[in-house]
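Have a look at the structure below, then the notes.
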Amino acid sequence: MNQLESMRVLVAVIDAGSLSAAGRKLAIPLATVSRKIAQLEAHLKVRLLTRSTRQLALTEAGREYVAACRRILDDLRAAERTAAGEYQAPRGEVVVTAPIVFGRLHLLPIVCEFLRAYPDVNVRLVLGDRIVNLVEDRVDLAIRIGALPDSGLTSTSLGRIRRVVCASPAYLAEEGTPRHPRDLREHECISFEALAGADEWRFLIDGREASVQVRPRLVVNTAEAGVDAAIAGAGLSCVLSYQAEPAVRAGQLALLLQEFEPAPLPVSFLYSGRGALPLKLRALLDFAAPLLRARLRGVEASLVSKARPTHTKARRSSGST
């Protein structure tokens, strides 16, 4: 029995929540996962997991053993990095994840600069809107938008972004400009599922955050689609400020209801802070953080500099279709 491999499988099972999910994550058959757990229990002469048709749970001995496994595997990874020279000079690969649009617009240009400055460091940039587990997926650094849970990871603040409502000048000229969130029920809306519910958006009204019902004519699952649909005149879209900023700067979209925007969302770097950081990760953090802060300030400055929409056409009556 390869005990270290069995320990990795056990930790993967606990993190994934089931043997089958761990097998998919590790790309090994379910039978192999089950066999390695059984071999580990036979070697230790103790039951680690209790299984039923609906759930899987650790025994008391299992909880203690999994905690020890995590420490051992973390120490092993640190030893491997030390042996590879990652603590003597910035070298090796850094795995970074970020939301798709933010990564493409703001992180990728900085990563390209970083690669020119650090020729011995490689970066694997994984763009996706799914929240990944840094430990389980072996990710060194993540960009997170929104409040951070108490995860035991270390964060570095990069700035804040806003949730904005926008529409094309052509749409506003034809349909009028909403002056209050309650006016949204009289407008066609484009909902971005990852940011808000399909039929309600969040605003700050009379000092309190509140949900406002909207009439979504189009529901999309990417920010790019929400922005493109708004540019095409399909209605009002609610996206994050950095997602709309290029189109706002180009005059393709106008911002609406800015005085009712909810509290901005924090943007952070998130990484494991246990022990000394590999120099490759420290180099990327020190290089990228100030540049990202400057970019986020630039996004805000660009949006603030744009004049409010001037369309004054009365909105449609609530009986319109």
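Throughout, read-outs are computed from the coordinates displayed, never taken from laboratory work. These numbers were taken from a predicted model, which means no experiment stands behind them. Counting neighbours? That spans all protein chains shown, and the Cβs are built from the backbone with ideal geometry, glycine included.
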> Between Arg297 and Thr154, 0.36 nm times their residue separation minus their Cα-Cα distance comes to what?
Replying inline: 49.2 nm
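Assuming 0.36 nm per residue, please report the length gained on full extension of the stretch Ala173 to Ala27 beyond their Cα-Cα distance.
Full-extension gain reported as 47.1 nm.
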> By counting other Cβ atoms within 10 Å of each Cβ, how are Thr50, Thr177 ranked from fewest to most?
Replying inline: Thr50, Thr177
> What is the local net charge at Gly233, summed over the other residues whose Cβ is closer than 13 Å to its Cβ (Lys, Arg +1; Asp, Glu -1)?
Replying inline: -3
> Taking the Cβ of Gln243 as the center, what net charge do the other residues with Cβ under 12 Å away carry, scoring Lys and Arg +1 and Asp and Glu -1?
Replying inline: -1
> Sorted from fewest to most neighbouring beta carbons within 10 Å, what does the list Asp129, Asp75 look like?
Replying inline: Asp75, Asp129
> Looking only at Ala57, Ala12, Ala288, which one moves most when the chain is put into a Gaussian network model with springs between Cα atoms under 10 Å?
Replying inline: Ala57
> Taking H as built 1.01 Å from N, whose amide H comes closer than 5 Å to the amide H of Gly233, not counting residues under 5 places away?
Replying inline: Ser168
> If the chain between Arg124 and Arg185 were fully stretched, how many nm would it gain, using 0.36 nm times the residue separation less the Cα-Cα distance?
Replying inline: 17.6 nm
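Quick check: convex hull over the Cα atoms of the chain, volume per residue in Å³, rounded to an integer?
Convex hull of Cα atoms, per residue: 171 Å³.
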> trypsin sites (Lys or Arg not before Pro), restricted to the stretch 114-187: which are DSSP loop and have at most 14 other Cβ atoms within 10 Å?
Replying inline: Arg130, Arg138, Arg179
> With charges set only on the Cβ (+1 for Lys and Arg, -1 for Asp and Glu), what does the dipole of the stretch 163-263 come to about its Cα centre, in debye to the nearest 20?
Replying inline: 100 debye
>> Output needed for the stretch 3-83: three equivalent-ellipsoid semi-axes, defined as square roots of 5 times the C-alpha gyration tensor eigenvalues, in descending order, whole Å.
In response: 21, 15, 11
>> Under 10 Å, Cα contacts only: if you run a Gaussian network model on the chain, which one of Ser151, Ser18, Ser272 comes out with the highest mean-square fluctuation?
In response: Ser151
> Considering lysine pairs in the chain that are 8 or more places apart or on different chains, how many have Cα atoms under 30 Å apart?
Replying inline: 4
>> With equal scatterers on the alpha carbons only and no solvent term, can you work out the Debye log10 of I(q)/I(0) for the stretch 163-263 at 0.21, 0.22 1/Å?
In response: -1.03, -1.14
